[in-house]
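Below is one structure; the comments refer to it alone.
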Amino acid sequence: MMEWTYNHGPQRLMNQIVFREGKVIAIRTAGYGFRAGTPPPSGSCEPTSIAPGLSKYRLIQFCGEPVQRSGGYVYSTVYDDGVQRYFLRHGGHAVYRERWIYNFGANRLLREVTLENARVVSVQTLGRGFDRR
């Protein structure tokens, strides 16, 4: 499954288009958009508010850009319903997996956020954060 999100700015609703095997299976709205490239309101992102299921675009809207990011396609046998299927003839499918690191300052732990196809799938705590200069 692949999901595209179109952000038309703060005056219009965002559109999410969901594809499976190259075909559109759903078109839905995702709340009002936001101005791309503007920092989030000060103090609007709490580390505990980053949870599985959150879209990539809402994460950027609330928490801004991460201090580090990496990603690429991986081959997965886990499907949209969370079930792992080894017995299927074709076995698996490509998933775009990203790893983002958020720094919430020296008094908090870093957060490693894993996204698959533009959705948060896991959040892990790392070592102590650092103050930005």
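Report whether or not MET1 is modelled with pLDDT under 85 and under 17 Å from the mean Cα position of the chain (by Cα).
yes
Looking at segment 45-60, which of its residues are of a type in the set (Lys, Arg) and either touching a His at 6+ places or on another chain (Cβ under 6 Å) or not assigned by TED's automatic domain parsing to the domain that holds LEU115 (or both)? Before the answer, list the steps.
If we filter segment 45-60 for residues that are of a type in the set (Lys, Arg), which is where we start, we get 56, 58.
Result: no residue meets the conditions.
For segment 6-21, which residues satisfy the criterion of being surrounded by fewer than 10 Cβ atoms within 10 Å (Cβ to Cβ) and either in the same structural domain as VAL120 (by TED's automatic domain parsing) or modelled with pLDDT under 85 (or both)?
Once the filter is applied, which keeps residues that are surrounded by fewer than 10 Cβ atoms within 10 Å (Cβ to Cβ) and either in the same structural domain as VAL120 (by TED's automatic domain parsing) or modelled with pLDDT under 85 (or both), segment 6-21 yields only GLU21.
The values are calculated or read from the model by the stated rules, or taken from the named source; none is laboratory data. Predicted model, so just to flag it, every value in this text is computed and none were measured. Glycine gets a Cβ as well: all are built from the backbone with ideal geometry, and neighbour counts include every protein chain shown.
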